[in-house]
1. Exactly one of these conditions fails for F170: (1) within 16 Å of ligand 1 (Cβ to nearest atom); (2) open to solvent by less than 70 Å² (accessible area, probe 1.4 Å). Give me its number.
2. Please tell me if A144 is within 16 Å of ligand 2 (Cβ to nearest atom), open to solvent by less than 90 Å² (accessible area, probe 1.4 Å) and touching a Gly at 6+ places or on another chain (Cβ under 6 Å).
3. Taking into account only those residues within segment 396-421 that are in contact with a Leu (Cβ under 9 Å, 6 or more places away or on another chain) and under 18 Å from K324 (Cα atoms), which is most open to solvent (accessible area, probe 1.4 Å)?
4. If you scan segment 341-359, which residues turn out to be closer than 14 Å to G408 by Cβ and in contact (Cβ under 8 Å) with a residue 40 or more places away in the chain?
5. Any idea which residue in segment 301-332 is most open to solvent (accessible area, probe 1.4 Å), counting only those that are in contact (Cβ under 8 Å) with a residue 60 or more places away in the chain and of a type in the set (D, E, K, R)?
6. Criterion first (away from ligand 2 (no atom under 14 Å from the Cβ) and more than 22 Å from the chain's Cα centre (by Cα)) does K242 satisfy it?
7. Counting just the residues of segment 115-137 that are under 20 Å from I272 (Cα atoms) and out of contact with any Pro (no Cβ under 7 Å at 6 or more places or on another chain), which one comes out surrounded by the most Cβ atoms within 10 Å (Cβ to Cβ)?
8. Please find, among I329, I346, I419, I306, the residue that is out of contact with any Lys or Arg (no Cβ under 9 Å at 6 or more places or on another chain) and modelled with pLDDT of 95 or more.
Amino acid sequence: MKIGIIGSGGREHALCYTLKKSKKVKKIYCFPGNGGTAAIAENISIDLSNFQELKNIINKNKIDLIVVGPEKPLVEGVVDFLKLNKIKVFGPNKLAAQLEGSKIFTKNLCEKYKIPTAKFGVFEKENEAIKFVKHSNLPVVIKADGLASGKGVYICQTIDECQKAIDEIFGGKFGKAKNLLIEEFLTGEEMSFFILSDGKSIKTFQTAQDHKRVLEGDLGKNTGGMGAYSPSRLINKVLEKKILNKIIYPTIQGLQDMNVVYSGFLYAGLMIVKDEPYLIEYNVRMGDPECQTILPKLNTDLFDIILACCNEELEKIDIKWNNKKSLCIVLCSKGYPDKYDKEVIIDNLKEIKPNNNDFCFHAGTKFMKNEFYSIGGRVLNFVSVTDSFEKSRERIISLIEKLNWKKGFFRKDIGYKVIPK
Ligand code: AMP
Ligand code: GLY
């Protein structure tokens, strides 16, 4: 089989690497991929919003199956387009992708199906939003409705901060805004919970916790993710049952009631408050960098799983995992998430040869003139899978220190909640 993977991050390199291990996968194409996928697949650089061009390349190269990594093409309907053109594709369709594409869609679904989530209000007028926060207990969380690359969420401690958030959202910072969401602030511990669905049945696909803040101690600005570990320290059988029964099943049912079939990965961002799960958000894809920590623990052929999902035969597959502790540290360009240099050579990278249970997944890199260059803020994802989080972290740090990239930085405290001081 020939596979095509849409996306260019660490998640897509991890998907590519894991699919490549399958004996049934003959060749992989990445649209557009990165420096890491270039070594194991053919990278094809295209404008991902041009579905027609994508279709032409898929047909020309006789690609059998497309796997979609990031949310944007899913929310824009790439799955619907490819299916209409008789191309096999793994991921949710446009209607199902609203779970990530519209926070208000998801909140309304939660309300209708009594899915536990923060209390909320939807506001179409600036003065009504302000009036509401003036009568609320602070902090409150103010959110833009649509996709905002993780930036459309404001945790506001003062009325001035609320005013700024409301001004920015209605001012169009995240695209034209008809309305916004104001939520109660939940205090607890966050956890990422993953499942796979083929529209008929679901399978759990591990848990993880990520670190979104740029500085050690979970301080500083929000980023796309500085590191993650799997499994989450919070998960146990009782909590898993609650998450499935109170959140996942009612969501899939709610979609079905609207004649929407959910097929693909689904990522529930949860807040666990006194052993009870609350839905913070849905993502209609794997997490990044959570995916990079989860896939190395998989003992079943990922290609078989994905194909079964596309063929609505997921129930027949037994997904097996190892019990190890997986941890990922993201090496970033100095200055990220603000300004940073691009096209900086990563001199030593060719010399770094991770062994069996250590991995180096590329994110913002490019391979040219026989060298690797950084082209993004999050550059490399180092993952290690061992018997303890402590050992995994030690191995990663020693790999990053060996690389010794002068233009990079990383957090040394990833996983501090699961690693004794
Ligand atoms: P989201 O993009 O909705 O996941 O929000 C980004 C981050 O904001 C989450 O990972 C949480 O850390 C935080 N957050 C969002 N909503 C809430 C809430 N209602 N209460 C507390 N924290 C929240
Ligand atoms: N790790 C957060 C995300 O993928 O959205």
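1. (1)
2. Values: within 16 Å of ligand 2 (Cβ to nearest atom): yes; open to solvent by less than 90 Å² (accessible area, probe 1.4 Å): yes; touching a Gly at 6+ places or on another chain (Cβ under 6 Å): yes.
Yes: the conditions hold for A144.
3. Step one: list which residues in segment 396-421 are in contact with a Leu (Cβ under 9 Å, 6 or more places away or on another chain), which gives 396, 400, 403, 405, 408-411, 414-415, 418-419.
From the residues that got through so far, the ones that are under 18 Å from K324 (Cα atoms) too are 396, 414-415, 418-419.
On the way: I396: 1, I414: 0, G415: 0, V418: 37, I419: 11 Å².
Per the stated criteria, the residue is V418.
4. Once the filter is applied, which keeps residues that are closer than 14 Å to G408 by Cβ and in contact (Cβ under 8 Å) with a residue 40 or more places away in the chain, segment 341-359 yields D341, V344, I346, D347, N348, L349, I352.
5. First, the residues of segment 301-332 that are in contact (Cβ under 8 Å) with a residue 60 or more places away in the chain: 301-315, 317, 319, 321-322, 324-332.
Narrowing the set further to residues that are of a type in the set (D, E, K, R) leaves 301, 304, 312-313, 315, 324-325.
On the way: D301: 41, D304: 46, E312: 92, E313: 78, E315: 143, K324: 75, K325: 63 Å².
Across segment 301-332, the extreme among qualifying residues is E315.
6. Working: away from ligand 2 (no atom under 14 Å from the Cβ): yes; more than 22 Å from the chain's Cα centre (by Cα): yes.
Here the answer is yes, as K242 does meet what is asked.
7. Looking only at segment 115-137, we keep the residues that are under 20 Å from I272 (Cα atoms), and these are 115-120.
If we keep only those that are out of contact with any Pro (no Cβ under 7 Å at 6 or more places or on another chain) too, we end up with 117-120.
Numbers: T117: 22, A118: 19, K119: 11, F120: 18.
Going through the qualifying residues, I end up with T117.
8. Values: I329 fails: out of contact with any Lys or Arg (no Cβ under 9 Å at 6 or more places or on another chain); I346 fails: out of contact with any Lys or Arg (no Cβ under 9 Å at 6 or more places or on another chain); I419 fails: out of contact with any Lys or Arg (no Cβ under 9 Å at 6 or more places or on another chain).
Result of the check over I329, I346, I419, I306: I306.
The values are calculated or read from the model by the stated rules, or taken from the named source; none is laboratory data. In this text, all values refer to a predicted model and were calculated from it rather than measured experimentally. So basically every Cβ, Gly included, is an ideal-geometry build from the backbone, and we count neighbours across all protein chains shown. Just the protein is used for accessible areas: all its heavy atoms, side chains included, with ligands, DNA and RNA removed. Shrake-Rupley method; radii C 1.70, N 1.55, O 1.52, S 1.80 Å.
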